[in-house]
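Reviewing the structure listed below.
The values are calculated or read from the model by the stated rules, or taken from the named source; none is laboratory data. Quick caveat, the model's predicted, so the values are computed rather than measured. All Cβ positions, glycine included, derive from the backbone under ideal geometry; neighbour counts span all protein chains shown. With ligands, DNA and RNA removed, areas are computed over all heavy atoms of the protein, side chains included. Shrake-Rupley method; radii C 1.70, N 1.55, O 1.52, S 1.80 Å.
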Amino acid sequence: MRRIKTIDDITKDGQVEFGEGYQIVSEVSEADAILMRSTDLHGYELPPSIRAIARCGAGVNNIPVEEYARQGVVVFNSPGANANAVKEIVIAMLILSSRGVVQSMEWVRAHADDPDILVDAEKAKKAFVGHELKGKRIGVVGLGNVGSKVANACVDLGMDVFGYDPFISVEHAWALSQSVQRVGTLEDLCRNCDYLTLHVPSKPDTMGMIGADQLGLLKPGAVLINFARETIIDEDAVDAALRGGRLSWFSCDFATPKTVRMPNTFITTHSGAGTGEAEANCADMAISELKDYLENGNIANSVNYPSCSMGKARAASRIACLHANVPNMIGQITAVLAHDNANVQRMVNESAGENAYTMFDTDEHLESKTIEALKEIPAVYRVRVIK
């Protein structure tokens, strides 16, 4: 029986199904793995029994991923599972910032007691004339799971779409419409854009990436949309651009003390992925990742260890070693196995940055002294006997 501790409300109805062989426990000290969403785990006391953490969502700023890597804890996320939900709300913000929809509805509510409201509304509507998206230039920063979907949707709306992503994956490049024009620099992307929408994670090289210089390249009266992370914009620069007319509207998903005081803003409650479908998709992906890791040792969509798979564990034994990415680690592991005459059927080793993962199948169950010898190899964080 494998035990899972859930943190946060994982789905709207509160239902989490792992299936046979799994039990949801109330105490983290009893758990083998954690399924979570948005709780901040920095400073969280993680018991040694925890082998993996899966976050229902893409961002992992709330998890000390490198600290956990050195404890041999694999951290998973669920990239792309909520991408459609975010895409839809971004398109909604494009429309709301262009057509005066919210302002006209507010006018109607404010004049609800007017007996001649039907006639007066006809006169008032001139104040809310907007413009169409068709033919307008939009720059999409980041062409990953969300950005590629936003770019393609904007193509379907008849917009002139430009994209910037120096690290675009082959998968997302194939999914991108041929009508999306890729540019080589952020400055070239911003130049003369009517709209700029941001879809990159918060990292040292993206924090504050949209500031006064980039905003100054946009067409006067442009619209900025940020449903990615609050840290990727210079809030002071955005505020100045709104007050100076460089930006006509700013839509974001982050109600910070600064954004809530900016003029001409649409700000939501970090609900870009807030649909029942997105929550279910994220939970399904995270649960699948945890189960495959716990049952077979396979890793997919980890943020602190490399992807690695050997399919289902069918040999007599399967062992996984989580360790630092240092020279001669394979040699040390195989030396321990050779000392005990262990016959290895298959072995795979993958690395990602400072961390690496080695998994192997053997014809027979390893003796406990062999497992202990593997654990004693310098720079080995954890040894898992999967089967």
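DSSP loop (so not H, G, I, E, B), at most 16 other Cβ within 10 Å: list which chymotrypsin sites (Phe, Trp or Tyr not before Pro) in the range 151-192 pass both filters. Sparse-neighbourhood loop chymotrypsin sites (Phe, Trp or Tyr not before Pro): F167.
As a calculated quantity, the FRET efficiency between E367 and Q345 at R0 = 22 Å, using C-beta atoms, amounts to about 0.80. Here's how it looks for A58: its modeled amide H is under 5 Å from those of S78, which are all 5 or more places away or on a different chain. For the chain, a crude dipole built from +1 on the beta carbon of Lys and Arg and -1 on the beta carbon of Asp and Glu, taken about the Cα centre, is about 580 debye to the nearest 20. Only one residue of L189, H365, Q103 has its Cα farthest out toward the positive end of the dipole of the chain, where Lys and Arg carry +1 and Asp and Glu -1 on Cβ, and that residue is L189. A Förster radius of 35 Å combined with the Cβ-Cβ distance from M207 to E171 puts the calculated FRET efficiency at roughly 0.85. Counting only protein heavy atoms and a probe of 1.4 Å, the accessible surface of the range 229-387 is 47% carbon and sulfur. Of the residues S38, S78, S49, the one that moves most in a GNM of the chain with alpha-carbon contacts below 10 Å is S49. Taking the average, over residues, of other Cβ atoms within 10 Å as the packing measure, peptides 268-275, 233-240 rank 233-240, 268-275 from highest down. Solvent-accessible area of the range 14-101 (1.4 angstrom probe, protein heavy atoms only): carbon and sulfur portion equals 46 percent. Most tightly packed first, judged by the mean number of other beta-carbon atoms within 10 Å of their residues, the peptides 62-71, 198-207 read 62-71, 198-207.
As a length-normalised measure over Cα pairs under 8 Å and 6 or more apart, the relative contact order of the range 105-243 settles at 21 percent. The residues of the range 53-132 have, on average, 52 Å² of accessible surface per residue, using a 1.4 Å probe with all protein chains present. Compared with the dominant Cα axis of the chain, that is its longest principal axis, helix 145-156 is turned about 40°. Rounded to the nearest 0.05, what FRET efficiency is calculated for V25 and S307 with R0 set to 41 Å and r the Cβ-Cβ distance? The pair V25/S307 has a calculated efficiency of 0.90. Beta bridges assigned by DSSP with both partners in the chain are antiparallel in approximately 40 percent of cases. Between helix 276-296 and the chain, what is the angle of the helix's C-alpha long axis to the longest principal axis, kept within 0 to 90° and rounded to the nearest 10? Result, in degrees: 10. Of the trypsin sites (Lys or Arg not before Pro) found in the range 96-155, the ones in coil according to DSSP and having at most 11 other Cβ atoms within 10 Å of their Cβ are K134. Sorting 343-355, 281-293 by their mean Cβ neighbour count within 10 Å, with the most densely packed peptide first, gives 281-293, 343-355. Dipole magnitude for the range 102-218: computed about the Cα centre from +1 point charges on Lys and Arg Cβ and -1 point charges on Asp and Glu Cβ, it is near 260 debye. With both labels modelled 7 Å from their Cα along Cα-to-Cβ, the H131 to Q181 distance reads 1.7 nm. Annotation: for a label point projected 7 angstrom from Cα along Cα→Cβ of D8, residues of the range 68-89 with backbone N closer than 13 Å are 76-79, 82.
Ordering L143, L118 by accessible surface, largest first, gives L118, L143; the 1.4 Å probe counts only protein heavy atoms, with every chain in place.
Less than 13 Å from a label point 7 Å out along the Cα-to-Cβ axis of K123: which backbone N atoms in the range 77-107 qualify, by residue? The answer is none, because no backbone nitrogen lies closer than 13 Å to the label point.
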